[in-house]
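Written below as structure tokens is the structure these notes are about.
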Amino acid sequence: MRSFDIPEFYRSPIISRVKAKRKAQDARKQDFSPTVLDFGTVVIQLARHFGFCFGVENAIEISYKAIDENPGRNVFLLSQMIHNPEVNADLESRGVRFLQDTLGNALHPIDDLGPEDVVIVPAFGTTVEMAERLKKQGVDVQSYNTTCPFVEKVWKRSAQLGKSEHTVIIHGKPQHEETRATFSHAASTGHAMVIKDGVEAEWLANWMESEARSVNAFWAKFEGRTSEGFDPLTALNRVGVVNQTTMLASDTQAIADRIKRATKPEDFANTRDTLCYATNDNQNATRGALAEGGADLAIVVGGYNSSNTSHLVELCEEEIPTLFVRNELEWKEDGVHHFDIHAGEERVTVDPWPSMTKGGAPTILITSGASCPDASVERVLRKVLEGFPGGRDVDAVLTEFEKTQG
């Protein structure tokens with residue numbers, strides 16, 4: 001896999017050493033056990049896979065290239081390039097302006113843009129309608145298009161489904177940029193609809209299986225989440241399921257399996273190939289670390305509006321207490337500030353460490369989302385070490401790890 005030219009300040013000397021050693025040991029990614037670093041006063045488990053994925057590094061490289069190649073010109077991002085506050089803030093500090101917020105609300109008059117303006121398409125992609133609108137205004141939307149190749153793969157599969165008269169059922173968060181873009185592309189070649197979770201999938205499957213299907217009940221559930229001219233009585237006869245690539249892969253597969261049981265075998269399209277490898281790797285690595293056992297606490301690092309990161313939080317919360325933090329700046333005078341994904345609000349834990357101690361050094365699992373820089377993870381790791389003073393030297397621990405691991 002190719003390497004990308006991303007700013008050095010996003011990299012981490014500590015994390016780079018760990019990842020390089022694990023890659024040398026396990027180039028085919030068969031081992032999902034965590035890296036264990038024993039600092040004496042605290043034991044750190046690092047998930048096997050975390051941090052920037054292929055699509056994110058590609059987007060970062062293109063975005064900084066756009067800045068470097070266009071001095072003195074207006075440079076805009078259609079929306080947040082990725083869901084990470086540090087990356088977006090750094091781009092803004094270099095003069096990049098956002099045209100929309102994450103919900104698609106205008107932050108800058110799009111009608112004012114012209115051929116002289118530079119527009120970066122974010123990693124989530126954009127809708128067919130927005131791309132056409134900008135093209136009509138003479139805006140180049142291809143030179144700095146950072147759409148993730150794996151998102152584009154979902155679009156291509158959706159187009160194939162549409163051409164074969166299958167309705168595309170998209171498993172995703174209805175207001176997420178990627179889901180809106182995928183819906184737009186799918187609807188351009190056929191019918192499409194969005195379902196957000198397994199509960200909705202079960203309702204839809206039961207409706208599809210019913211002999212007395214109420215159209216009014218369907219619209220009460222899915223109003224505003226289907227393509228134009230959608231007739232549920234006919235559009236759901238032939239279907240295929242794709243996903244927002246940052247969802248839980250196991251959830252998407254369960255949804256596809258349930259919808260498949262509600263259709264005739266010949267009317268259901270196999271879409272397993274749309275699942276994102278990086279999402280799978282990060283989720284499997286988190287499960288692998290949790291299966292290893294021993295951790296008293298998990299810390300998940302990433303943007304609070306990051307879908308793939310929030311799913312890692314869900315996995316960790318099923319097993320152990322979990323802190324979801326943006327970065328090391330969440331360690332403040334009044335405690336550790338962290339995000340509650342269920343309440344949608346920030347919490348403060350004054351001191352999370354004492355309750356974890358079981359007569360020995362506590363063990364803390366650390367991972368991050370696919371849009372989180374390794375440098376942020378390193379700074380969080382160092383914050384944890386500050387909470388357990390008197391431990392072993394970081395370089396000594398890393399050197400020992402490199403010598404003893406194969």
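One table, with the values for the structure above:
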| quantity | calculated |
| --- | --- |
| So GLU266, is it among the charged types (D, E, K, R), open to solvent by 50 Å² or more (accessible area, probe 1.4 Å), touching a residue at least 12 places away in the same chain (Cβ under 8 Å) and over 25 Å from LEU312 (Cβ atoms) | no |
| Answer residue from the stretch 277-304, given it is part of a loop (DSSP other than H, G, I, E, B) and not acidic (Asp, Glu) and is most open to solvent (accessible area, probe 1.4 Å) among those | GLY294 |
| GLU319 vs. criteria open to solvent by 30 Å² or more (accessible area, probe 1.4 Å), within 12 Å of LEU365 (Cβ to Cβ) and either free of Cβ contacts under 8 Å to residues at least 12 places away in the same chain or acidic (Asp, Glu) (or both) | yes |
| Residues located in the stretch 1-35, provided they are open to solvent by 70 Å² or more (accessible area, probe 1.4 Å) and in contact with a Gly (Cβ under 9 Å, 6 or more places away or on another chain) | ALA24, GLN25 |
| Boolean, THR274 is open to solvent by less than 10 Å² (accessible area, probe 1.4 Å) and at pLDDT below 95 | yes |
| Test: residue in the stretch 360-383 that is open to solvent by 20 Å² or more (accessible area, probe 1.4 Å), free of Cβ contacts under 8 Å to residues at least 60 places away in the same chain and assigned to a loop (DSSP other than H, G, I, E, B) | yes |
| Conditions (1) surrounded by 18 or more Cβ atoms within 10 Å (Cβ to Cβ); (2) touching a residue at least 12 places away in the same chain (Cβ under 8 Å): number failed by ALA131 | (2) |
| Of residues in the stretch 59-74 being part of a loop (DSSP other than H, G, I, E, B) and out of contact with any strand residue (DSSP E or B) (no Cβ under 6 Å at 6 or more places or on another chain), the one surrounded by the fewest Cβ atoms within 10 Å (Cβ to Cβ) | GLY72 |
| Some residue of the stretch 104-120 being in contact with a strand residue (DSSP E or B) (Cβ under 6 Å, 6 or more places away or on another chain), touching a residue at least 24 places away in the same chain (Cβ under 8 Å) and buried (at least 21 other Cβ atoms within 10 Å of the Cβ) | yes |
| Residue that is nearest to ASN243 (Cα to Cα), among those in the stretch 272-313 that are among the polar types (S, T, N, Q) and free of Cβ contacts under 8 Å to residues at least 60 places away in the same chain | ASN280 |
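Conditions tested, residue by residue: (1) more than 16 Å from the chain's Cα centre (by Cα); (2) open to solvent by less than 30 Å² (accessible area, probe 1.4 Å); (3) within 27 Å of ALA89 (Cβ to Cβ); (4) acidic (Asp, Glu).
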| site | (1), (2), (3), (4) |
| --- | --- |
| GLY224 | yes, no, no, no |
| VAL242 | no, yes, no, no |
| ILE259 | yes, yes, no, no |
| SER306 | no, yes, yes, no |
| ASP334 | yes, no, yes, yes |
| HIS337 | yes, yes, yes, no |
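The values are calculated or read from the model by the stated rules, or taken from the named source; none is laboratory data. Please read these numbers as outputs of a predicted model, since none were measured by experiment. Here the Cβ is made from the backbone with ideal geometry for all residues, glycine too, and neighbour counts use every protein chain on show. For accessibility, only protein heavy atoms count, side chains too; no ligands or nucleic acids. Shrake-Rupley method; radii C 1.70, N 1.55, O 1.52, S 1.80 Å.
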